[in-house]
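Below is one structure, written out as structure tokens; the observations come after it.
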2 protein chains.
Amino acid sequence: MSLETTKADEIALVLEEAIVSGELEPGRVLRQEELSERFDVSRTPIREALRRLAALGLVSFVPNRGFRVRTITVSELREAFLVRAELESLATEIAAPKFTAAELEELESAEQSFSKATQALRARPREGVDRWRLTHDWVVANHGFHDVIYRVAESPLIERLAKSARRSFSGHAVWAPGGSETDALYERNDFEHKAIIAALRAGNPAGARTLAREHVMHSFELLSHVLERLGSGERHLRVERG
Amino acid sequence: MSLETTKADEIALVLEEAIVSGELEPGRVLRQEELSERFDVSRTPIREALRRLAALGLVSFVPNRGFRVRTITVSELREAFLVRAELESLATEIAAPKFTAAELEELESAEQSFSKATQALRARPREGVDRWRLTHDWVVANHGFHDVIYRVAESPLIERLAKSARRSFSGHAVWAPGGSETDALYERNDFEHKAIIAALRAGNPAGARTLAREHVMHSFELLSHVLERLGSGERHLRVERG
DNA sequence: TTCGAGCGTATTGGATCCAAAAGGGGCCGG
DNA sequence: CCGGCCCCTTTTGGATCCAATACGCTCGAA
């Protein structure tokens, strides 16, 4: 562990990762005693960590009844994407004039990983664990691309809020079914990344901004499409109606 | 106190109010013992409340050294306004088609209070406690106007994040000096509120959105202007250079 | 059968207690 | 006079303990 940190903070980070990755599925009750055994500490730092996660919106809290991993409704999902669209387009605009050649290469490289993940998803439209894992890889690669932009933008508040909006649903990740329609949406996503890179290379902040905004909203379309195809009654779908 | 709530939550709300209002000035160290006496509880709920405020970004925290009310730099201030501009314009666009006649009246009424506060500020350009209080009233009236829009938008996430961005600097409120230039900026702010109302009445979401965005950025100009006139070395200015 | 009351258990909220780290001041040597 | 070291005090981090609330089960009555 790092030199200067409290147990509550370390635990909060581990729990956050577990929630975002889906290891702790939405709706799951977080028992203080159970966590205190898992991390081999008393309940005191556990509760502080949970308070932090509650303030971040990752877990919900009801007095005297405890904490649980937050579930999300469809309307909350839409709102999160709207917010991310605004913040990310803003970050892209800010980052645009700051991009160095090296950073553009980094972005390009991240995009190549993303392309590969997209193609992998397309090539193996089977369901099951395999498909789930490919989807997860795709999500990670996607984040990798966007994170380069956040980093270049050097806007901590924007980054924090945008990632917070992103986190609010990433724990709900599901395997995505294949199909030509779905595939087309995945392809479009990939294409839009390339378009954003092009606008950045061209030194066009306003264009990059618009592209980024549309891209995020298209990502929402993609996710909606996937949810639609899965049907909200399915077990692997952890988003509630709303 | 409400039926279902923990002491930690109540305390967090009170502290939040104290910080936002400036009663607890930026940079102030928050001793756990002192707070536990003030609220007549043990340090346990105090620490949970402080953890929450830290996650919200209202206080900073260093392990083994404690919590203090967060200070803000000029670049953080700019970023907060950029974020608020995006989120508030989004909220305005969403709210636009939802406004009922009654809600428009409410907005109109809030704007009238704001106009009065603006005129009061202009009429009494003297410095001192008096001026400080008028500025505070102006801030409250301004929030009152914008809060109507948030409420109509019915977008809890947007509202939460936008208010969070707002909070990040409202504890730094200072008295604003008078002067014809400054007065012109205050007038413009007031005028822009009216323009937003007009766009909403006209059923023009896109227009309202654009106006809202410009309005928030103009508010930043106003604040910058005030800060400029005060000079960053002044005691009543609690924003750091950055 | 079903619904509600009662009671024992599980779980949370908060107080208290102890250990560890930071802060402050005096003392000593340069 | 100044800087570093040591010791004492303050403050924080965490563990443990106790009270209060919620949960779940059984049992009895309609």
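FYI, it's all coordinate maths here, none of it is from the lab. Please read all numbers here as calculations on a predicted model, not as lab measurements. All Cβ positions, glycine included, derive from the backbone under ideal geometry; neighbour counts span all protein chains shown.
Observations on the structure shown:
- Angle between chain A longest axis and helix A:74-95 axis [Cα atoms, degrees, rounded to 10]: 50
- Copies compared at B:Glu181 - label distances in nm, ascending, label defined 7 Å from Cα in the Cβ direction: 6.0
- Under 5 Å between amide hydrogens, built in the peptide plane, is the criterion, and for A:Leu30 it picks out A:Phe67, A:Arg68, A:Val69 among residues at least 5 positions away or on other chains.
- Modelled FRET efficiency - R0 56 Å, B:Lys194 with A:Thr44, Cβ distances, 0.05 increments: 0.60
- For the protein assembly as shown: lysine pairs under 23 Å (alpha-carbon distance), excluding those fewer than 8 apart on one chain: 10
- Degrees separating the helix A:7-21 axis from the principal Cα axis of chain A, which is the longest one: 50
- Computed over chain B, relative contact order equals 28 percent, with contacts defined as Cα pairs under 8 Å that lie 6+ residues apart.
- Using a 7 Å Cα-to-Cβ projection, A:Val14 label spacings across copies, nm, ascending: 3.5
- R0 of 25 Å, Cβ-Cβ distance A:Glu103-A:Trp132: FRET efficiency to nearest 0.05: 0.20
- Derived scalar couplings ³J(HN,Hα) [the range A:23-28; Karplus, 6.51 cos²θ - 1.76 cosθ + 1.60; whole Hz; x for Gly, Pro]: 4, 9, 6, x, x, 5
- Cα gyration tensor, the protein assembly as shown - rounded (a/c under 1.5), prolate or oblate: oblate
- Shape of chain A, Cα gyration tensor, a/c cut at 1.5: oblate
- For chain A, the residue among A:Ser113, A:His143, A:Gly66 whose Cα projects farthest onto the positive side of the dipole built from Cβ charges is A:Gly66.
- Of interest is the spacing of the C-alpha centroids, which for the range A:45-65 and the range A:151-200 amounts to 28 Å.
- Basic side chains Lys and Arg get +1 at the Cβ, acidic Asp and Glu get -1 at the Cβ, and with that the dipole of the range A:85-215 about its Cα centre reaches some 260 debye.
- Label distances, nm, B:Ser109 versus same residue in remaining copies, Cβ-directed 7 Å point: 6.1
- Principal-axis tilt of helix A:205-230 within chain A, Cα atoms, nearest 10 degrees: 60
- Shielding by partners for peptide B:48-55, expressed as the average number of C-beta atoms from other protein chains within 10 Å of each residue's C-beta, is 6.
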